Every structure is written in C-alpha cells, then in structure tokens.
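Here the structure comes first, spelled out in structure tokens, and everything after it is commentary.
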Amino acid sequence: MAELSAYISILFILTTFVTLGLFYWVLKNSSSEKTQRNSLKIWFVLLGWMVAQFILTIQGLYADFSNSIPPKITSFGIFPPLVTMALLFFTRSG
C-alpha cells in the first residue's frame, strides 16, 4: 500500500481534534441540562472509543480482509456504536 504524504496525516489528525472540540462545545451548549451535566463523561467515552479504534488499527486488525466473515470493521467498528445508540434510544434511562 502506498504511503500517504505527511500533510494528509497531519490534516486528518487536526480534523479529528477539531471534531472532538466541536462535539464537546455542542454538548456544553445543549439546551438539555442533563446533557450539559454529563458532557465531560460523554466526551471521555467518545475519546476512549477513538483511542480503542486507534490501537486496533495500529495492531493491524483492520488490515486483513481475507478470512473474516463478517468483516472485522463491522464487528469492532460499526456494530458496537449501533448497539449503544439503540440502547440509548429505546431504553427508559437513555
């Protein structure tokens, strides 16, 4: 696989940090008092998820697509957030 230019990696990292900052800003300025109170917790969960995905990517989990049904990206990258969102939307405490 071809190596990316350094500026593309830097731009991606900056975009990620700007997105995290904007996400926190939106949580803090939410009209819901409950969301404002829990904004730091929510932000740390999101940050933890991103760090976990980074570690899995660095270890090469997503690099091999040859012998995985369903694809690993589905099992570790897409399915857990979907389950979390479903629990938040369809449970009384969510």
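The values are calculated or read from the model by the stated rules, or taken from the named source; none is laboratory data. These numbers were taken from a predicted model, which means no experiment stands behind them. For neighbour counting, all protein chains shown are included, and Cβ atoms are generated from backbone atoms with ideal geometry for every residue, glycine included. The accessibility values were calculated without ligands, DNA or RNA, using every heavy atom of the protein model including side chains. Shrake-Rupley method; radii C 1.70, N 1.55, O 1.52, S 1.80 Å.
Below are the figures for this structure:
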read-out: First in the stretch 31-47 and closer than 21 Å to Ile78 by Cα and in a helix (DSSP H, G or I), second anywhere and at pLDDT below 90 and among the β-branched types (Val, Ile, Thr), Cβ under 8 Å, 6 or more apart; value: Ile42/Thr35
read-out: Residue list for the stretch 2-48, restricted to those being open to solvent by 90 Å² or more (accessible area, probe 1.4 Å) and aromatic (Phe, Trp, Tyr); value: Tyr7, Phe12, Phe17, Trp25, Phe44
read-out: Residue list for the stretch 49-60, restricted to those being closer than 17 Å to Leu22 by Cβ and either open to solvent by 70 Å² or more (accessible area, probe 1.4 Å) or basic (Lys, Arg) (or both); value: Trp49
read-out: Among residues of the stretch 61-94, those that are in a loop (DSSP other than H, G, I, E, B), modelled with pLDDT of 75 or more and of a type in the set (Gly, Ala, Ser), counted; value: 1
read-out: Residue within the stretch 72-85 that is touching a Pro at 6+ places or on another chain (Cβ under 9 Å) and farther than 29 Å from Trp25 by Cα present; value: no
read-out: Candidate set from the stretch 74-94 (those that are open to solvent by less than 70 Å² (accessible area, probe 1.4 Å) and not small (Gly, Ala, Ser)); member that is farthest from Asn38 (Cα to Cα); value: Thr74
